[in-house]
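A short worksheet on the structure shown next.
Readers should treat all values here as calculations from the given coordinates under stated rules, not as data from a laboratory. In this text, all values refer to a predicted model and were calculated from it rather than measured experimentally. Here the Cβ positions follow ideal geometry from the backbone for every residue, glycine too, while neighbour counts run over all protein chains shown.
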Amino acid sequence: MAEVAKQIVEKVSEHFPIIEVRVFGSRARGDYLDTSDLDLIFVFEKLDAPKIELVQKISRFIKGNVDFLVMQKDEAQNSALVKSSKLLWDKQKGFDLTVFEC
């Protein structure tokens, strides 16, 4: 799943000004099954389009059993979901694939 996540983030970050990507749900908690989906949060500094439009555009780069959300940075900072998530990618620091280690 790490390689799938990495490919998705690389493609999305090429086309959209995301500042970080977070993993949430069972993969972040570590209680996932082999059949579990991958849940991602794409965080933008500022949304330059309505969320639904961004979701539709980003979904072109999503393959497989992946669900995702789009959030603006200030929204993400106050989100309980984000607080329980794990950082997968940061624009400045790059990838942290240890999120997929159990």
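Structure data summary
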quantity: Between helix 2-15 and the chain: long-axis angle, C-alpha atoms, 0 to 90°, nearest 10; calculated: 10
quantity: Phi to ³J(HN,Hα) by Karplus 6.51 cos²θ - 1.76 cosθ + 1.60 over the stretch 64-77, Hz, x for Gly, Pro; calculated: x, 8, 10, 10, 8, 10, 10, 9, 7, 3, 5, 5, 5, 5
quantity: Peptides 33-40, 47-54 ordered by average Cβ neighbours within 10 Å, highest first; calculated: 33-40, 47-54
quantity: Inverse of mean 1/r across different Cα pairs in the chain, Kirkwood, Å; calculated: 13.6
quantity: Size of charge dipole - the stretch 2-100 - debye, nearest 20, with Cβ of Lys, Arg +1 and Asp, Glu -1, no other charges; calculated: 80
quantity: Per-residue ³J(HN,Hα) for the stretch 39-45, Karplus 6.51 cos²θ - 1.76 cosθ + 1.60, θ = phi - 60°, Hz, x for Gly and Pro; calculated: 10, 10, 10, 9, 9, 10, 4
quantity: Net charge of neighbours whose Cβ lies under 13 Å from the Cβ of residue 28, counting Lys and Arg as +1 and Asp and Glu as -1; calculated: -1
